[in-house]
Structures are given as structure tokens and as C-alpha cells.
Amino acid sequence: MTKEQAEVKQQTKRILNRFGRKRGNLVPILQKVQGKLGYLPREAMLEIAEFLGIPAIDVYSVVTFYNQFRLNPPGKHSIRVCLGTACHMKGGYITLDAWKRRLCIDRGQTTPDREFDLDIVACVGCCVMAPVSVVDDKPQGKVEPTKVDGILLSFKLKKEKQGKESQ
Amino acid sequence: MKTVSLTIDGKKIRAREGEKVLWAALDNGIYIPNLCALHDALEPFAACRLCFVEVEGKKQPVTACTEAVEQGMVVNTRGPGALRLARTAFELLVASLPVDCAHCPSSGSCELQKIAAHLSIKLKTKRFRKLLRELPIDYSSPLFIYDPNKCVLCGRCVWICRERLGIGTLGFAHRGFDRLVTTFGSEPISESKCLDCGECVVACPTGALAFKDRQGIKSGLGKGG
């Protein structure tokens with residue numbers, strides 16, 4: 001077991017100490033563990049299953065059912081592509097495809113360098129700006145594939161600038 | 001043991017009190033389409049929506065797997081209202097299944113073929129747009145193949161693995177159209193805690209879980225069919 005995995009196990013155990021071994025505690029436990037770790041690693045899910053005395057698949061089943069839970073660590077920047085009705089009509093799925101292609105990940109995943117995580121959202125309430133992508137909690141309007149490239153370029157430039165300054 | 005008498009399709013039968021109509025019918029040689037029903041399960045899943053029957057005195061058709069028998073009950077398994085519901089449910093089901101009986105190891109023993117014949121409808125229905133999931137097939141088990149595309153989510157394998165065998169390898173994951181039967185972390189069967197007992201394969205009503213040796217399909221080399 002790697003150091004990171006052992007750490008995850010430890011932290012999960014610490015949280016589990018506060019709960020009873022009732023199956024009904026599964027969702028509150030998952031919320032607390034995700035609150036602490038940012039996501040639900042494999043080791044954490046196995047630990048929880050053992051604690052509650054249920055098959056590990058049951059934990060996995062609940063984690064994959066609710067949008068709230070994530071199986072991948074959050075990236076430094078979060079990308080949420082709106083697929084609400086208005087954004088769908090304006091080609092939100094094309095925007096999603098553009099993000100997927102540029103970041104080389106699928107929805108619900110994080111880039112290997114943990115810079116970006118990508119997911120979808122139902123509606124963020126600014127349909128006038130459709131298609132919308134929420135980048136680091138800031139809704140960006142009219143995000144067509146070219147704007148996807150623009151946003152990623154600005155992140156790249158910012159990072160390069162920071163790199164130069166710290167040198 | 002207390003028994004009640006009822007009539008199903010004009011045939012007078014006796015059944016144990018509290019028994020569900022589905023089992024009373026099946027035990028007496030009257031077939032009612034079903035996929036998710038398991039006699040040993042404490043609660044009926046009532047997931048497949050195929051066992052609709054009409055009961056005299058009831059306005060709407062009911063699912064036979066959840067309806068308990070009653071003294072003097074008159075059941076019609078061939079009522080037009082019940083058949084209409086069952087047919088629609090079946091057509092919706094096969095609309096997201098790859099139908100390729102000619103290359104399927106389960107052809108002949110497949111419940112879907114039996115149900116289609118019983119309901120006098122085709123497996124290749126044109127009423128609904130075909131929407132396939134196109135998931136990868138798992139050849140990893142030495143004993144069987146798991147093709148999630150052919151899965152009807154009846155939950156029989158999940159129940160058998162968990163309740164009868166107490167292993168709990170299989171379960172449901174994801175939601176809506178993405179829902180599928182899988183292992184923890186969606187790992188290949190061979191890397192899960194599966195003991196290769198094959199009970200789930202026996203329980204599977206379709207070709208989703210099929211033994212490898214049936215058609216000599218070798219690990220990873222078989223056709224997807």
C-alpha cells in the first residue's frame with residue numbers, strides 16, 4: 001500500500017469513529033469522507049463497506065448513483081458544462097465534446113496532472129448566455145469550442161507567468 | 001396450510017394463502033411472462049413490468065408478481081389491457097438491447113425469445129428508436145462471459161450472488177440509462193471477489209451472462225455477437 005493510500009485509510013477510520021454501524025449512515029459517512037478528502041478513493045469505500053458490514057459494491061452503487069459523489073480527485077480548476085434545456089438547444093453537448101477532446105478526459109474525470117476536472121451540470125440559471133460553462137465557479141457565456149481553446153490558453157499563459165515570477 | 005381456490009384463464013386452481021398470482025399460475029402450468037421474479041426473494045422486485053394480468057373487479061391490470069391470491073379470484077392473463085402494457089414494456093426493453101440471436105450463445109434458452117413468442121411480437125421491434133449502450137464485454141472470467149449490453153437489469157444475478165450465496169460480488173451502479181450490473185469499481189470479473197461458481201450465469205434470463213464452453217468461445221477471442 002502506498003503512503004497516500006494508508007493516509008486515506010487513516011482519515012476514513014477517524015471519520016468512521018463518529019458513526020454507528022448502521023446501513024442508514026452510509027450517505028452521511030460518504031458526505032463527511034468526501035468533505036475531508038475531496039473525493040471517494042477506492043480504499044475509503046472499502047473501509048466504509050467493512051465498517052458497515054455491507055458488500056463493497058453497495059457503497060460503489062450509492063456513490064455512482066448520486067451526482068454529489070465523485071470517484072476522482074478534484075482538479076485545481078473545475079469545469080462544469082451546462083446541459084440544461086437552453087444550453088442543450090444551443091449545442092452544450094458540442095461544448096462538452098470540445099472540453100473532453102482538449103483535456104483528453106471524460107465527464108466525471110480529472111486530468112492526470114490534476115489541473116482540471118470536468119463534469120456536467122443541469123442548469124446554472126443564466127440561460128441567456130447559453131451555452132454556458134462554469135469555470136472555477138464563474139459562469140462563462142457563449143462557450144463554443146473556440147472559446148474552450150481561449151479559456152485553456154488563458155490558464156496556460158497565467159501558469160507560465162506565475163512560473164516565470166517564481167523563478 | 002391454508003389454501004384458497006381461484007380461477008386463472010378459466011382453469012380452477014388451488015394455491016397457498018398469501019401466494020402471489022404469478023407463482024400460482026406458473027406452478028399450474030399457466031405461463032405469465034416474467035424476467036425479474038424469484039420465488040425465494042422476500043419481496044418481489046416488480047422491475048420488469050412484464051407479468052401484467054387482469055383481475056376481475058379491478059379497473060387496471062396488475063403485476064402478477066405482487067398480487068396475492070384471494071379466494072374466488074378470477075384472473076385473465078390474456079386480457080387486452082394487460083397484454084398491451086406487457087408488450088410496450090417488452091418493446092421498450094428490447095429497444096436498448098442488441099438483438100443478434102444467430103450469434104448468441106443463449107439462443108434457444110433465452111427468456112426474451114420465449115416472451116416475444118408468448119406476446120406474439122418480434123424481438124426486432126420497429127416501434128421505438130434503437131438506442132444501444134455499446135459497453136465493453138468482459139471475457140476475464142475463466143468460466144463465463146459478461147456482456148452488459150444484453151443485460152435487462154432484472155437483478156436475478158445480483159440477488160443470487162448476495163442473498164443465496166452471501167458473496168455480494170455483483171450489484172447495480174450508475175443511474176438511469178447508464179445503470180448496469182457490475183462489480184466494485186467496475187473491475188473485470190476476474191479481479192473481483194467472484195468465486196466463479198456460475199450460479200449467476202444459470203440465473204441470467206438472457207445472454208448477458210453465458211458460459212464460455214457452450215460454443216467454444218475462447219477467452220478474449222470470441223465474437224462480440
TODO: Round to a whole angstrom and tell me the spacing of the C-alpha centers of segment A:88-167 and segment B:1-41.
DONE: 58 Å
Open item on the list: Can you tell me the orientation of helix A:92-103 relative to chain A, as the angle in degrees between its alpha-carbon axis and the longest Cα principal axis, to the nearest 10?
Closed with: 80 degrees
TODO: Please report B:ARG133, A:ARG80 as a ranked list, fewest other C-beta atoms within 10 angstrom at the top and most at the bottom.
DONE: B:ARG133, A:ARG80
Task: Two-decimal Rg/Rh across the protein assembly as shown, once Rg and the Kirkwood Rh are taken from alpha-carbon atoms - done: 1.04
Task: Debye intensity ratio I(q)/I(0), log10, segment B:1-128, q values 0.11, 0.12, 0.17 Å⁻¹ (C-alpha model) - done: -0.40, -0.47, -0.88
Task: Percentage relative contact order, chain B, counting C-alpha pairs under 8 Å, at least six apart - done: 17 percent
Open item on the list: Can you report the principal axis dimensions of segment B:105-225 using only the alpha carbons, biggest first, rounded to whole angstrom?
Closed with: 40, 34, 27
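Any of A:LYS32/B:LYS193; B:LYS59/B:LYS122; A:LYS100/A:LYS147; A:LYS76/A:LYS138 with alpha carbons more than 18 Å apart? Name them for me.
Check vs 18 Å cut-off fails for A:LYS32/B:LYS193; B:LYS59/B:LYS122.
Rounded to the nearest 5, what % of the DSSP beta bridges within the protein assembly as shown are antiparallel ones?
If I count the DSSP bridges inside the protein assembly as shown, around 75 percent turn out antiparallel.
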Open item on the list: Treating chain B as a set of equal point scatterers at the Cα positions, no solvent, please give the Debye-formula log₁₀ I(q)/I(0) at q = 0.09, 0.18 Å⁻¹.
Closed with: -0.40, -1.31
Task: Volume in Å³ per residue [convex hull over Cα atoms, computed for segment A:77-166] - done: 85 Å³
Task: Residues in segment B:121-155 that a label on B:SER190 would reach, taking backbone N under 13 Å of a point 7 Å out along Cα→Cβ - done: B:138-146
Open item on the list: What translational diffusion coefficient, to the nearest whole µm²/s, does segment B:1-51 have by Stokes-Einstein, given a Kirkwood radius computed over alpha-carbon pairs, a temperature of 20 °C and 1.002 mPa s viscosity?
Closed with: 183 µm²/s
- [ ] Give me the net charge of A:GLN109's neighbourhood, meaning all other residues with Cβ under 10 Å from the Cβ of A:GLN109; Lys, Arg count +1, Asp, Glu -1.
- [x] 0
TODO: Sort A:TYR39, A:TYR66 so the one with the fewest other Cβ atoms within 10 Å of its own Cβ comes first.
DONE: A:TYR66, A:TYR39
Open item on the list: Out of the chymotrypsin sites (Phe, Trp or Tyr not before Pro) in segment B:69-173, which ones are loop residues according to DSSP with at most 15 other C-beta atoms within 10 Å?
Closed with: B:PHE128
Task: Backbone HN-Hα couplings from phi across segment A:140-148 [Karplus 6.51/-1.76/1.60, Hz, Gly and Pro as x] - done: 10, x, 6, 7, 9, x, 5, 6, 4
TODO: Name all residues of segment A:130-167 having a backbone nitrogen under 20 Å from the label point set 7 Å from the Cα of A:CYS123 along its Cα→Cβ direction, giving them as ranges.
DONE: A:130-135, A:138-143
TODO: May I ask you to derive the FRET efficiency for B:GLU56 and B:ALA117 from their Cβ-Cβ distance with R0 = 22 Å, giving the value to the nearest 0.05?
DONE: 0.25
Task: Highest-fluctuation residue, A:GLU115, A:GLU50, A:GLU144 considered, GNM on chain A with Cα pairs under 10 Å - done: A:GLU50
- [ ] Taking H placed 1.01 Å from N in the peptide plane, check which residues at least 5 places from B:LEU153 or on another chain put their amide H under 5 Å from its amide H.
- [x] none
Task: Residue-by-residue Karplus 3J(HN,Hα) for segment B:129-138, coefficients 6.51, -1.76, 1.60, Hz, glycine and proline x - done: 5, 6, 9, 9, 8, 6, 8, x, 8, 9
Task: Amide H contacts under 5 Å for A:VAL134, placed H, 5+ residues apart - done: A:ARG80, A:VAL81, A:CYS82, A:GLN140
Open item on the list: Using a 10 Å cut-off around each Cβ, can you sort A:LYS156, B:LYS59, B:LYS193 from fewest to most neighbouring Cβ atoms?
Closed with: B:LYS59, A:LYS156, B:LYS193
Task: Cut-off under 5 Å, modelled amide H: who pairs with A:THR110 long-range - done: none
Task: Additional length obtainable on full extension of the chain from A:LYS138 to A:ASN17, 0.36 nm per residue less Cα span - done: 39.9 nm
Open item on the list: Give me the one-decimal Kirkwood hydrodynamic radius in Å for segment A:1-142, with the sum taken over alpha-carbon pairs.
Closed with: 16.4 Å
- [ ] Find the cysteines in chain A that fail to meet the 4.7 Å Cβ criterion with every other cysteine, and list them.
- [x] A:CYS104, A:CYS123, A:CYS126, A:CYS127
Task: Per-residue HN-Hα couplings for segment B:18-31 [Karplus 6.51, -1.76, 1.60; θ = phi - 60°; Hz; x = Gly/Pro] - done: x, 5, 7, 4, 4, 6, 4, 5, 4, 5, 9, x, 9, 7
Task: Globularity index of segment A:3-65, i.e. its alpha-carbon radius of gyration over 2.2 N^0.38 Å - done: 0.97
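None of the figures in this text is laboratory data; all of them are computed from the coordinates on show. Only a predicted model underlies this, so the values are computations on that prediction, with no experimental measurement involved. FYI the Cβ positions are ideal-geometry reconstructions off the backbone, even for glycines, and counts take in every protein chain you see.
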